[in-house]
Amino acid sequence: MTFPQRRLRRLRRTPALRRLVAETRLAPDDLVAPLFVREGITEAQPIASLPGVVQHTRETLRKEVAHLVDLGIPAVILFGVPERKDAEGSEAWNPDGIVQLALRDLKDDHGGRLVAMADLCLDEYTDHGHCGVLDRHGEPDNDATLELYGQVAQAQAQAGADVVAPSGMMDGQVAAIRGALDEVGAQQVAVLAYSAKYASALYGPFRDAVDVTIAGGGDRKGYQQDWHNGREALEEIRLDLDEGADMVMVKPALAYLDVIVRARQDFDVPIAAYHVSGEYSMIKAADQLGWVDGAAVALEHLYAIKRAGADVILTYLAAEAAEALA
Ligand code: PBG
């Protein structure tokens, strides 16, 4: 008689067996759709480097979000493209700025059935494209920028944001924003901190989507994280939690799955991961060339992010993934 051997293939034999023993589940509930809304346009504008994603008008945004809600997606995150940019990015805290108007629309349409998140940064609003106001060396002035982030947070909260998501990587931004929110009685508004945000080449298509060029061919390496570092991400997360963050984020996702795994082990708060524009566009481009099956790669990516330990995934694939998972 031969010694009974465990054979792992037994549980892979049929689709139903595979479903039964699957360790990781992905549902529309896990997804947040990033959306762009642009001031001063009358029709949605395609974004060449992000096929299938558009700059919305207020009206087309409402339609898109209604569709996402019907698909069972609980949350969206808004990015604004203002008509007028200036050195400080003042449209970001204008009560009638484009994101504030869009937040009001979405809250009118969906109330508590939708989590309305607002990206909280200045780069879409400044004429130099940096995430803060500049000092005399042309670098974002950390503490002067915190003041402005507080004003943006207040404007977004007053427009109905459920969650504000600071993405500028200034030190102390979470504490400044929490303080500014509490000061206007917005204790209920949560902070999703882009805590471990790396200076990544994968944000290229996003910058087309928000019409941002960093002045003088500059970059964000002076404030976003250096991708040589992994431990440092845990320190960023720890500080943001100490400052009052309710959820934390790792960004981008796939090149940083190690960071997601370590964050999941060390912290018990909800962890988000951002499958960013370049990650999305690489799938779409290779699919268009017929080199990969884009729909299959998309699900493989999203499941990998979930398997690494993310609770929440921000992705331009949200609608198509929700349809595929239905
Ligand atoms: C900054 C911000 C960026 C992204 C989200 N928030 C761009 C940057 O840091 O340069 C990138 C998202 C993506 O690439 O999909 N407001």
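The values are calculated or read from the model by the stated rules, or taken from the named source; none is laboratory data. Just so it is clear, the structure is predicted and the values come from calculations on it, not from any experiment. Here the Cβ positions follow ideal geometry from the backbone for every residue, glycine too, while neighbour counts run over all protein chains shown. Surface areas here come from the heavy atoms of the whole protein model, side chains and all, with no ligands, DNA or RNA. Shrake-Rupley method; radii C 1.70, N 1.55, O 1.52, S 1.80 Å.
Find the residue count for segment 258-280, including only residues that are touching a Gly at 6+ places or on another chain (Cβ under 9 Å) and either in a helix (DSSP H, G or I) or at pLDDT below 95 (or both). Within segment 258-280, residues that are touching a Gly at 6+ places or on another chain (Cβ under 9 Å) and either in a helix (DSSP H, G or I) or at pLDDT below 95 (or both) number 11. Looking across segment 240-257 at every residue that is assigned to a helix (DSSP H, G or I) and in contact (Cβ under 8 Å) with a residue 12 or more places away in the chain, the one that is nearest to L146 (Cα to Cα) is identified as D240. When every residue of segment 24-32 is checked against the conditions, at least one turns out to be among the basic types (K, R), loosely packed, with under 13 Cβ neighbours inside 10 Å and at negative phi.
Scanning segment 174-228 for residues that are modelled with pLDDT under 95, in a helix (DSSP H, G or I), open to solvent by 70 Å² or more (accessible area, probe 1.4 Å) and touching a helix residue (DSSP H, G or I) at 6+ places or on another chain (Cβ under 9 Å) returns a single hit, D208. Scanning segment 15-50 for residues that are closer than 25 Å to A165 by Cα and not in a strand (DSSP E or B) yields a count of 11. Residues in segment 229-263 that are under 18 Å from the mean Cα position of the chain (by Cα) and open to solvent by 60 Å² or more (accessible area, probe 1.4 Å) were compared, and the one that is farthest from the ligand (Cβ to nearest atom) is D246.
If the condition is being open to solvent by 40 Å² or more (accessible area, probe 1.4 Å) and assigned to a loop (DSSP other than H, G, I, E, B), then segment 52-64 contributes only G52.
Going by what's in this entry, would A298 be described as in contact with a Phe, Trp or Tyr (Cβ under 7 Å, 6 or more places away or on another chain) and open to solvent by less than 20 Å² (accessible area, probe 1.4 Å)? Spelling it out, it is not the case that A298 is in contact with a Phe, Trp or Tyr (Cβ under 7 Å, 6 or more places away or on another chain) and open to solvent by less than 20 Å² (accessible area, probe 1.4 Å). Among the residues in segment 102-111, are any at pLDDT 95 or above, closer than 15 Å to Y316 by Cβ and within 19 Å of the chain's Cα centre (by Cα)? Checked segment 102-111: no residue is at pLDDT 95 or above, closer than 15 Å to Y316 by Cβ and within 19 Å of the chain's Cα centre (by Cα).
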